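Data first, discussion second: the structure below is written as structure tokens.
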Amino acid sequence: MTLINDGDVSVPVTVQTRTTLTPREAFDIIVPIDLSLVFTGWGPFPGVRGAKNQTGAWDAAGQSRNPDLSDGSTAVERLTEYTAPHSFAYELTEFTNVLGRLVSGVRGEWTFSSDGDGTLIRWTYEFKPLPGRGPLVRLGLAPAWRRYMIDGVNKAAQVAEEIAHRR
């Protein structure tokens, strides 16, 4: 069952950055990237130490894992779409931190589009607020989360370029 369906009220946040890598290079490096290199934490939001219980190479819809966050909390992440080298999407549910009291889950999607000699990387995070929590998510969480996402998408591009140049 899909987390967010037509007619659901959700709160999307989208950020983007550019890289000199081709869409194929960026996709191939970022999709399976070590999360601890990219999501180091920002403001009130924890970093990601890694992932536990991963069920595959993170290269096919249906695979799952548990992000291990620096504050000791976890979630369940399931890869829902994998369309190399253009996009991948996932859902996060069962948050054990404060997000679990605000949202029933999140749908994330990364896209990789040709942009001149490089790639435009776009990341969307779509929150599904719990009943009565929409205003808190829209007015409080989403604007702060956007800053975390900007940091994350920029680090993902930077780390991907560093990895590509070492190959």
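Tell me, yes or no, whether the stretch 96-103 has at least one residue that is closer than 18 Å to residue 12 by Cβ and either surrounded by fewer than 18 Cβ atoms within 10 Å (Cβ to Cβ) or more than 17 Å from the chain's Cα centre (by Cα) (or both). Give the derivation first.
At the first step, the residues of the stretch 96-103 found to be closer than 18 Å to residue 12 by Cβ are 99, 102-103.
Add one more test, that the residue is either surrounded by fewer than 18 Cβ atoms within 10 Å (Cβ to Cβ) or more than 17 Å from the chain's Cα centre (by Cα) (or both), and what stays is 102.
Scanning the stretch 96-103 turns up at least one residue that is closer than 18 Å to residue 12 by Cβ and either surrounded by fewer than 18 Cβ atoms within 10 Å (Cβ to Cβ) or more than 17 Å from the chain's Cα centre (by Cα) (or both).
Residue count for the stretch 55-72 under the criterion of being in a strand (DSSP E or B) and touching a Pro at 6+ places or on another chain (Cβ under 9 Å): the result is 1.
Restricting attention to the stretch 64-88, the residues that are surrounded by 18 or more Cβ atoms within 10 Å (Cβ to Cβ), farther than 17 Å from residue 47 by Cα and free of Cβ contacts under 8 Å to residues at least 24 places away in the same chain total 1.
Check the stretch 24-40 and report whether any residue there is among the basic types (Lys, Arg) and assigned to a strand (DSSP E or B). No, the stretch 24-40 contains no residue that is among the basic types (Lys, Arg) and assigned to a strand (DSSP E or B). Yes or no: residue 141 modelled with pLDDT under 95, surrounded by 17 or more Cβ atoms within 10 Å (Cβ to Cβ) and not hydroxyl-bearing (Ser, Thr, Tyr)? So residue 141 does not fit the description; no.
Given the structure, is residue 107 assigned to a helix (DSSP H, G or I) and touching a residue at least 40 places away in the same chain (Cβ under 8 Å)? Taking the combined requirement at face value, the residue does not satisfy it.
Results for (1) at pLDDT 95 or above; (2) in a strand (DSSP E or B); (3) not hydrophobic (A, V, I, L, M, F, W, C), shown as yes or no for each residue.
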| site | (1), (2), (3) |
| --- | --- |
| 4 | no, no, no |
| 8 | no, no, yes |
| 15 | yes, yes, no |
| 21 | yes, no, no |
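Looking at the stretch 50-63, which of the residues that are out of contact with any Gly (no Cβ under 7 Å at 6 or more places or on another chain) and crowded, with 17+ Cβ neighbours inside 10 Å is farthest from residue 101 (Cα to Cα)?
Filtering the stretch 50-63 for residues out of contact with any Gly (no Cβ under 7 Å at 6 or more places or on another chain) gives 50-62.
Then keep just the ones that are crowded, with 17+ Cβ neighbours inside 10 Å; that gives 51, 58.
On the way: 51: 22, 58: 28 Å.
The residue in question is 58.
Does the stretch 110-140 hold any residues that are without any contact (Cβ under 8 Å) to a residue 40 or more places away in the chain and assigned to a helix (DSSP H, G or I), and which are they? Hits for the stretch 110-140 are 135, 136, 139, 140.
Has the stretch 45-58 got at least one residue that is of a type outside the set (Lys, Arg), without any contact (Cβ under 8 Å) to a residue 40 or more places away in the chain and within 23 Å of residue 165 (Cα to Cα)?
yes
Can you find even one residue in the stretch 78-98 that is more than 20 Å from residue 129 (Cα to Cα) and of a type in the set (A, V, I, L, M)? Checked the stretch 78-98: at least one residue is more than 20 Å from residue 129 (Cα to Cα) and of a type in the set (A, V, I, L, M).
State all residues of the stretch 1-39 that are among the hydroxyl-bearing types (Ser, Thr, Tyr) and surrounded by fewer than 17 Cβ atoms within 10 Å (Cβ to Cβ); if no residue qualifies, say none. Show your work before the answer.
Kept after step one, since they are among the hydroxyl-bearing types (Ser, Thr, Tyr), are these residues of the stretch 1-39: 2, 10, 14, 17, 19-20, 22, 36.
Matches in the stretch 1-39: 2, 14, 20, 22, 36.
Scanning the stretch 76-103 for residues that are under 18 Å from residue 31 (Cβ atoms) and either outside any strand (DSSP E or B) or modelled with pLDDT under 95 (or both) yields a count of 3.
Among what's in the stretch 41-54 and is at positive phi and part of a loop (DSSP other than H, G, I, E, B), pick the residue that is modelled with the highest pLDDT.
From the stretch 41-54, those at positive phi are 41, 43, 50, 53; that's our starting set.
Keeping just the survivors that are part of a loop (DSSP other than H, G, I, E, B) gives 41, 43, 53.
On the way: 41: 91, 43: 87, 53: 97.
Filtering the stretch 41-54 for residues that are at positive phi and part of a loop (DSSP other than H, G, I, E, B), the one modelled with the highest pLDDT comes out as 53.
The values are calculated or read from the model by the stated rules, or taken from the named source; none is laboratory data. Given the structure is predicted, the values throughout are model-derived calculations rather than measurements. With ideal geometry, Cβ positions are generated from the backbone for all residues, glycine too; neighbour counts draw on all protein chains shown.
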